[in-house]
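Peer 1: Sharing a structure below in structure tokens format, with a few things to ask.
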Amino acid sequence: FYDSADLGGDGTVALVGADGMIRARAPADQRTLGHSLVNTPIMRLFAQWPNGSLTAVSAVDGIRRIYSYRAVEGYPLLVVVGMSERHALVEWEYGQRTRLVMACVVTGVLLIVVISIVLYQARLHRTREALRHSEARHAQKSHLLEVTLQNMDQGIIKMDAEQTVEVVNRRMAELYD
């Protein structure tokens, strides 16, 4: 059974008596046969429920595993199957790293977009300010030109191609009534 299950390099399968003594264990080790699991989390849980699972550090070899256990019907035994957390979570950790890299890339792209928008807004603000300043200068110069034309001693008139008067100063109006 042990060889057919893909439990990884640190996986284990054990047959444990209801008294907490290991009857058989794979991978096999002479030191584990007869080893007591009486005060371990798995035996405390087994005392409450005949089937279950938990994560714990092995009392036999000190490896942290995800365990599932089940009582053997009609016998004072339980079968315990454990897979090391490292082996069980390797795909999740790989996916976690991939998601972290993707989150960093997306964050970087968003940061570039936000910086681009902020720079564009700043440039737009500067352009608007320059336009306002230019319009104010234009209005001031237009006003000065208007004042100058109106106060000249010479009469000035400007007409377009259809003989429509576009500009006339006060002196020209006085001269031609």
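Peer 1: In the chain, with Lys and Arg counted as +1 and Asp and Glu as -1 at Cβ, which of these residues, Ala161, Val38, Val106, has the Cα nearest the positive end of the dipole, that is, farthest along it?
Peer 2: Of Ala161, Val38, Val106, it is Val38.
Peer 1: Another question about this same structure. In Å², and per residue, what accessible area does segment 45-177 have when probed at 1.4 Å with the other protein chains present?
Peer 2: About 80 Å² of surface per residue is accessible.
Peer 1: Apply 1/(1 + (r/R0)^6) to the Cβ-Cβ distance of Ser68 and Tyr94, taking R0 = 22 Å, and write down the FRET efficiency to the nearest 0.05.
Peer 2: For Ser68 and Tyr94, the calculated efficiency is 0.40.
Peer 1: Something else about it: Residues with beta-carbon under 12 Å from that of Gln154, excluding Gln154: net charge, scoring Lys, Arg +1 and Asp, Glu -1?
Peer 2: 0
Peer 1: When the chain is fully extended, how far beyond the present Cα-Cα distance does Ser36 get from Leu111, taking 0.36 nm per residue of separation?
Peer 2: 21.2 nm
Peer 1: Further question: Could you compute the longest span of the chain free of GluC sites (Glu not before Pro) located in DSSP loops and having at most 11 other Cβ atoms within 10 Å, not counting the site residues?
Peer 2: Longest site-free region, per DSSP loop and neighbour criteria: 74-161.
Peer 1: Which percentage, to the nearest 5, of the DSSP beta bridges contained in segment 1-160 is antiparallel?
Peer 2: That works out to approximately 100 percent antiparallel.
Peer 1: Given a 1.4 angstrom probe, I'd like the percentage of the accessible area of the chain that is carbon and sulfur, rounded to a whole number.
Peer 2: 60 percent
Peer 1: Using alpha carbons only, how many degrees (0 to 90, rounded to 10) separate the axis of helix 90-150 from the longest principal axis of the chain?
Peer 2: 10 degrees
Peer 1: Given the rule -39500 (n - 2.57) for each run of at least 4 DSSP H residues, summed and divided by the residues of the chain, what is its mean residue ellipticity at 222 nm, to the nearest 500 deg cm²/dmol?
Peer 2: Values: 4 runs with 80 residues, N = 177.
Calculated at 222 nm, the ellipticity per residue is -15500 deg cm²/dmol.
The values are calculated or read from the model by the stated rules, or taken from the named source; none is laboratory data. This one's a predicted model, so the numbers in the text were calculated from it and none came from an experiment. When we count neighbours, we look across all protein chains shown, and the Cβ atoms used for this are built from the backbone with ideal geometry, even at glycine. What goes into the accessible areas is simple: the full protein's heavy atoms, side chains included, and nothing from ligands, DNA or RNA. Shrake-Rupley method; radii C 1.70, N 1.55, O 1.52, S 1.80 Å.
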